[in-house]
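Structure, as structure tokens:
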Amino acid sequence: MSDTVHAAVRVAPGTTEMQEFPLPAIDADSALLQVEVAGICGTDVKMYASPPSMIHGRVIMGHENVGVIAQAGARFKERHGLTEGDRVFVEHYVGCFTCEWCRIGEYRHCEATDWRTNPDARRYGYTSAENPGTLWGGFGEYMYLPWNAVLHRVPETVTAELAGLVTPLSNGIEWALRAAGVGYSDTVLIQGPGQQGLSQVVACKQAGASRIIVSGTTRDKTRLDLARELGADDVIDILQQDPLEKVMDLTGGRGVDFVLDCTSRAGTGPVLLGIDALVRREGTLLIQGELAAFPDFPVKKLTEKAITVKSARGHSFKACELALDQLAARRFPLEKLATHRYGIDQVDHAIRVLAGETEEDAIHISLMPELIGQAGGAVTR
């Protein structure tokens, strides 16, 4: 192991540089992870172009991280039941584990890891490299693990690249099943066939939903085809068909029990469609967008239909464990979500690919330190 680490560092909005860092010192309570895969999602696209104003200095992005324990202190190994060579998925939350939220298992709400309200928060992919530990993101060869890192052992039958899908898959499980409550014989409209939407297809299918409808645009044809392969019963191209008419036609005029909005930068349209597409009474609308404002929101229609609105925010420990179980089961061809691979020296290009700034259509991108200096691109299966 070298004394230095190479990492891709966000030094300004939309600007990355490869830099070298000394390996952080590891004591009895900490560890060092050798990064194998760091995934990229839509949040990275947003954070790359418009970094949070309260996070200063150099940032090593990357919050969907898988790797092997390279070095660990004695108390760290005892606390986590791990040792050198074990492969783990690392959640991006780093809670305090003493507050009320942490004590009930909801560490994702802990102030110590909430970068929106706490400029000194610790969260992988968001925390400045100027903080102790330095390596606070997966877009590097190694990553620092404090005592309170949240780790999941990866089953031996699950490859590092497949384990890189745990974050979107756990989000799909958390949002569709645990937050919204989709279950046996329910009907569902999933808006947006990206990595989160496709993950929710799998979650809903596993839960026994009787009809799963996925909507997207003409550009999403390949993704809509994959949605069918993963278990969707129907797909809708909203540019070629009236989506509300199609939903009502498919459901015999009844509408769906659940609408899961997984669109990105689509404005207010998906929410308005969702309200109309829900059943006459007591449907559930799950939204994960971050619109700053929603002019003319139809509150009257919402209350008259007794719609429950839920927010999608992160994932729980249980959802991550269920995601790993799902990957290990091989019931669905989830490897098809991992469409592209790049070295960490290609972070800028990789993020722009996922942002749709190139001709490539990427669903989920795997950044791999082992590919430094090599050409990246679409995965051939």
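The values are calculated or read from the model by the stated rules, or taken from the named source; none is laboratory data. Just so we're clear, the structure is a prediction, and the values are computed from it rather than from any experiment. Glycine gets a Cβ as well: all are built from the backbone with ideal geometry, and neighbour counts include every protein chain shown. The protein model used for the area step is the full one, side chains on, heavy atoms only, and it has no ligands, DNA or RNA in it. Shrake-Rupley method; radii C 1.70, N 1.55, O 1.52, S 1.80 Å.
Projecting label points 7 angstrom from Cα along Cα→Cβ for Ser311 and Glu290 puts them 1.2 nm apart.
Percent of Cα-Cα pairs more than 14 Å apart in region 281-334, please. Can you show the working numbers first?
Working: 1008 of 1431 pairs.
The calculated P(r) of region 281-334 puts 70 percent of pairs beyond 14 Å.
Exposed loop sites are taken as chymotrypsin sites (Phe, Trp or Tyr not before Pro) in a DSSP loop (any state but H, G, I, E or B) with at most 16 other beta carbon atoms within 10 Å; the longest stretch of the chain without one runs 185-381. When you restrict to C-alpha pairs under 8 Å that are six or more residues apart and normalise by the size of the chain, the relative contact order lands at 17 percent.
From largest to smallest, the equivalent ellipsoid semi-axes obtained for region 45-109 from the alpha-carbon gyration tensor read 26, 19, 11 Å.
Legend: translational diffusion of region 207-252 by Stokes-Einstein, Rh = Kirkwood radius over C-alpha pairs, 37 °C, 0.692 mPa s; D = 302 µm²/s.
Once region 227-381 is represented by equal point scatterers at the alpha-carbon sites, with solvent omitted, what log10 I(q)/I(0) does the Debye formula produce at q = 0.09, 0.11 Å⁻¹? Rounded to two decimals, the profile gives -0.43, -0.63. The share of alpha-carbon pairs in region 133-179 lying farther apart than 12 Å comes to 74%.
Summarising the label geometry, the points placed 7 Å from Cα in the beta-carbon direction at Tyr184 and Gln241 lie 2.9 nm from one another. The shape of region 152-230 comes out oblate: with a ≥ b ≥ c from the C-alpha gyration tensor, a/c is at least 1.5 while a/b does not beat b/c.
From the square roots a ≥ b ≥ c of the eigenvalues of the alpha-carbon gyration tensor of region 74-123, which class results: rounded (a/c under 1.5), prolate (a/b over b/c), or oblate? Note, shape of region 74-123 comes out prolate.
Of the beta bridges in the chain, as assigned by DSSP with both residues counted there, near 60 percent are antiparallel.
Here region 242-295 is treated as a sphere whose radius is the Kirkwood value from Cα pairs; by Stokes-Einstein at 37 °C and 0.692 mPa s it diffuses with a coefficient of 281 µm²/s.
Rounded to the nearest Hz, the phi-derived 3J(HN,Hα) couplings of region 357-363 under the Karplus curve 6.51 cos²θ - 1.76 cosθ + 1.60 (θ = phi - 60°) are 8, 10, 7, 6, 10, 9, 8, where x marks glycine and proline. Largest first, the three principal axis extents of the alpha carbons in region 19-177 are 40, 37, 34 Å in whole numbers. Annotation for Ile55 and Val11: the two label points, set 7 Å from Cα along the Cα-Cβ direction, are 1.8 nm apart. Mean-square fluctuations from a GNM of the chain, with a 10 angstrom spring cutoff on Cα atoms, peak among Leu367, Leu135, Leu291 at Leu291.
Phi-derived couplings, Karplus 6.51 cos²θ - 1.76 cosθ + 1.60 at θ = phi - 60°, listed residue by residue for region 82-92: 10, 8, 4, x, 6, 8, 9, 9, 10, 5, 7 Hz, with x used for Gly and Pro.
To the nearest 10, the accessible area of His340 is 10 Å² with a 1.4 Å probe. Could you please report the charge total around Val5, scoring K, R as +1 and D, E as -1 over all other residues with beta-carbon less than 11 angstrom from its beta-carbon? The answer is -3.
So how far, in whole Å, is the C-alpha centre of region 107-126 from the one of region 4-18? The two parts, judged by their Cα centres, are 21 Å apart. Under the criterion of Cα pairs below 8 Å and six or more residues apart, the relative contact order for region 1-142 equals 28 percent.
With a cut-off of 18 Å on the backbone N, the residues of region 141-155 near the modelled label site 7 Å out from Arg79 along Cα-Cβ are 143-153. One chain, two ends: Phe297 and Glu370. Fully extended at 0.36 nm per residue, the span grows by 21.4 nm beyond their Cα-Cα distance.
Normalised by residue number, the volume inside the convex hull of the Cα atoms of the chain is 138 Å³ per residue.
Mean separation of Cα pairs under 8 Å and 6 or more residues apart, divided by the residue count, gives region 137-233 a relative contact order of 24 percent.
Would you compute the Debye intensity of region 96-219 from its alpha-carbon atoms alone, equal scatterers and no solvent, and pass along log10 I(q)/I(0) at q = 0.18 Å⁻¹ to two decimals? Evaluating at q = 0.18 Å⁻¹ gives log10 I(q)/I(0) of -1.11.
Could you please report the charge total around Asn131, scoring K, R as +1 and D, E as -1 over all other residues with beta-carbon less than 15 angstrom from its beta-carbon?
Values: positive: Arg10, Arg58, Arg122, Arg123; negative: Asp120, Glu130.
Local charge sum for Asn131: +2.
Distances between placed amide hydrogens fall under 5 Å for Ile365 paired with Ile40, all partners being 5 or more residues away or on another chain.
Could you please put Asp325, Asp276 in sequence from largest to smallest accessible area, using a 1.4 Å probe? Numbers along the way, then the final one.
Values: Asp325 95, Asp276 55 Å².
The ranking, largest first, comes out as Asp325, Asp276.
When the accessible area of region 191-258 is split by element with a 1.4 Å probe, what percent falls to carbon and sulfur? Carbon and sulfur together cover 47 percent of it. Length gained on full extension, Met18 to Lys221, computed as 0.36 nm times the residue gap minus the Cα-Cα distance: 69.5 nm.
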